[in-house]
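The values are calculated or read from the model by the stated rules, or taken from the named source; none is laboratory data. Bear in mind that the values here come from a model prediction, so they are computed numbers and not experimental data. Cβ sites come from the backbone with ideal geometry, for glycine too, and all protein chains shown count toward neighbours.
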Amino acid sequence: MNGHIGSDKKLTILIVLLSNFVFFLSVILLFALVPGSRFWNQQSHDEVEYKFDQGVEAAAEPNRNMVSSLKNMSTTQILRTLAVNQKEPSNGSPIARLEIPAIDCEVIIVEGSGNDSMDLGAGHLEGTPLPGNGGNFAVAADRYVGAAPFKNLEKIKSGDNLDLMTTYGRFEYEVNNIFTVKPEDVQVLEPVGFETITLITTDPSGRLIVRGRLVQANLLDNT
């Protein structure tokens, strides 16, 4: 009898230990998959930011050489020439730094809008022109998953600044339109008649769109 009781107690203890183990393993996995993914996103973002800064330094001398041959042009014309002559970026390579002071957002924009690119920060939608080109520079980023750089994009207001830095210039945009569209609506990528930046992220009703009009553009100090 006592032997059976002892066996039952051991079995109960074993079940409790296994249950606790499964519980703690679940907690560890939860932290690894959710906050942990954000840590790795941040780590990847830091590496991409370092590469972007390196790219700015590497582009300084070629940009200076080109600018010196364009002295008779306006700043707008010079920036457009620099933009047109940029080497086509490879997928995942950093091309710009975006700052949105109103929502405390700073993110590196990389080429491409696939998952691999979005994991690194924000992604430049292929086929839309680079800043300074006179068109509609479109950028997408996550709002709910990973590092979620656009998590507070819904708090932005008309008149807020969007500050962009590339390897060849600085561009200041002013938010002039905020709206939502269906996911299949690609008209937001089309030119609108003046130079713009279009920020795109997910929204319960489809896609949240924040558009800014270019108000000022300057060459980098090292140019």
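For segment 71-107, name all the residues that are among the aliphatic types (A, V, I, L, M) and either within 19 Å of Gly146 (Cα to Cα) or in contact (Cβ under 8 Å) with a residue 40 or more places away in the chain (or both). Let's see the steps before the verdict.
Looking only at segment 71-107, we keep the residues that are among the aliphatic types (A, V, I, L, M), and these are 73, 78-79, 82-84, 95-96, 98, 100, 102-103, 107.
Correct list: Ile78, Leu79, Leu82, Ala83, Val84, Ile95, Ala96, Leu98, Ile100, Ala102, Ile103, Val107.
What is the one condition in (1) more than 15 Å from Leu214 (Cα to Cα); (2) buried (at least 16 other Cβ atoms within 10 Å of the Cβ); (3) touching a Gly at 6+ places or on another chain (Cβ under 7 Å); (4) not β-branched (Val, Ile, Thr) that Tyr173 does not satisfy?
(1)
Evaluate the following for Gly127: is it assigned to a loop (DSSP other than H, G, I, E, B), at pLDDT below 95 and more than 14 Å from the chain's Cα centre (by Cα)? Full working, then the answer.
Values: assigned to a loop (DSSP other than H, G, I, E, B): yes; at pLDDT below 95: yes; more than 14 Å from the chain's Cα centre (by Cα): yes.
When the stated conditions are applied, Gly127 passes them.
Under 8 Å between Cβ atoms, at least 6 apart or on separate chains: pull out the pairs that start in segment 108-129 with a residue that is under 16 Å from Ala83 (Cα atoms) and end on any residue that is of a type in the set (Asp, Glu) and outside any loop (DSSP other than H, G, I, E, B).
Close Cβ pairs (under 8 Å, with a partner that is of a type in the set (Asp, Glu) and outside any loop (DSSP other than H, G, I, E, B)) amount to His124/Glu111; Glu126/Glu111.
Considering only residues that are assigned to a loop (DSSP other than H, G, I, E, B), on the phi < 0 side of the Ramachandran plot and either of a type in the set (Gly, Ala, Ser) or in contact with a Pro (Cβ under 6 Å, 6 or more places away or on another chain) (or both), which ones fall in segment 132-147? Before you say what the answer is, go through the steps one by one.
Initially, segment 132-147 is screened for residues assigned to a loop (DSSP other than H, G, I, E, B), giving 132-135, 141-147.
Among the residues that remain, those that are also on the phi < 0 side of the Ramachandran plot are: 133, 135, 141-145, 147.
Hits for segment 132-147 are Gly135, Ala141, Ala147.
From the list Asn85, Asn136, exactly one residue is at pLDDT below 95 and of a type outside the set (Phe, Trp, Tyr). Which is it? Talk me through it step by step, then tell me what you get.
Details: Asn136 fails: at pLDDT below 95.
Result: Asn85 is the single residue among Asn85, Asn136 that is at pLDDT below 95 and of a type outside the set (Phe, Trp, Tyr).
Out of (1) at pLDDT 95 or above; (2) within 12 Å of the chain's Cα centre (by Cα); (3) not charged (D, E, K, R), what's the single condition that is false for Ile156?
Tallying (1) at pLDDT 95 or above; (2) within 12 Å of the chain's Cα centre (by Cα); (3) not charged (D, E, K, R), Ile156 fails exactly one: (2).
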